[in-house]
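In what follows, a single structure is set out as structure tokens and then discussed.
The values are calculated or read from the model by the stated rules, or taken from the named source; none is laboratory data. None of the values given here were measured: they were computed from a predicted structure. All Cβ positions, even for glycine, are placed from backbone atoms using ideal geometry, and neighbour counts span all protein chains on display.
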Amino acid sequence: MNDEDPVGVYVKDLSGMYVRSREKSNLISFFADEYSHKDLETTRAYCRAVNDSCYLVRAVPTDEPDSDGDFRVTFEYDFLLYPEDKISSKTIIKIARDVAGYMAFAVKECDSDSIFKRS
């Protein structure tokens, strides 16, 4: 990979987005993290709300807090490619921008307990 190849996308409301190709399953996975400042049960409730209402992205919490006491919430989106499909880097960036919007929506619309805001 050279310096001109994009490896991530900045997402204003998240800590960045990463893209991973899964050749065996023909998936391109987009994922980004945010950190919950609430307890595990509140974080899990948030993830359930995202998974029950947003449909386009899923939210998965960690079971253990990090060194700051925060729980990581990973937002995921999988894009399926059919074997005969070819996709350009420009198309991947367009999809990533769309996915960033879905993730930002999930952060804003499902966070009734303000899990991502510091007290």
Exception for ALA59 within (1) of a type outside the set (D, E, K, R); (2) closer than 18 Å to PHE116 by Cα; (3) assigned to a loop (DSSP other than H, G, I, E, B) falls at (3)
Restricting attention to segment 52-80, which residues are more than 12 Å from the chain's Cα centre (by Cα) and of a type in the set (S, T, N, Q)? SER53, THR62, SER67
Of the residues in segment 44-91, those that are aliphatic (A, V, I, L, M), modelled with pLDDT of 95 or more and over 11 Å from ALA106 (Cβ atoms) come to ALA45, VAL60
Scanning segment 13-42 residue by residue, those modelled with pLDDT under 85 and acidic (Asp, Glu) turn out to be ASP13, GLU23
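One line per residue, one yes/no per condition, for (1) aromatic (Phe, Trp, Tyr); (2) within 13 Å of PHE30 (Cβ to Cβ); (3) surrounded by fewer than 10 Cβ atoms within 10 Å (Cβ to Cβ); (4) in contact (Cβ under 8 Å) with a residue 12 or more places away in the chain:
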site: LEU56; (1), (2), (3), (4): no, yes, no, yes
site: PRO61; (1), (2), (3), (4): no, no, no, yes
site: GLU64; (1), (2), (3), (4): no, no, yes, no
site: ASP68; (1), (2), (3), (4): no, no, yes, yes
site: LYS86; (1), (2), (3), (4): no, no, yes, no
site: ALA96; (1), (2), (3), (4): no, yes, no, yes
site: MET103; (1), (2), (3), (4): no, yes, no, yes
site: ILE115; (1), (2), (3), (4): no, no, no, yes
Taking segment 98-119 and keeping only residues that are of a type outside the set (A, V, I, L, M) and at pLDDT 85 or above, one is left with ASP98, GLY101, TYR102, PHE105, LYS108, GLU109, CYS110, ASP111, SER112, ASP113, SER114, PHE116
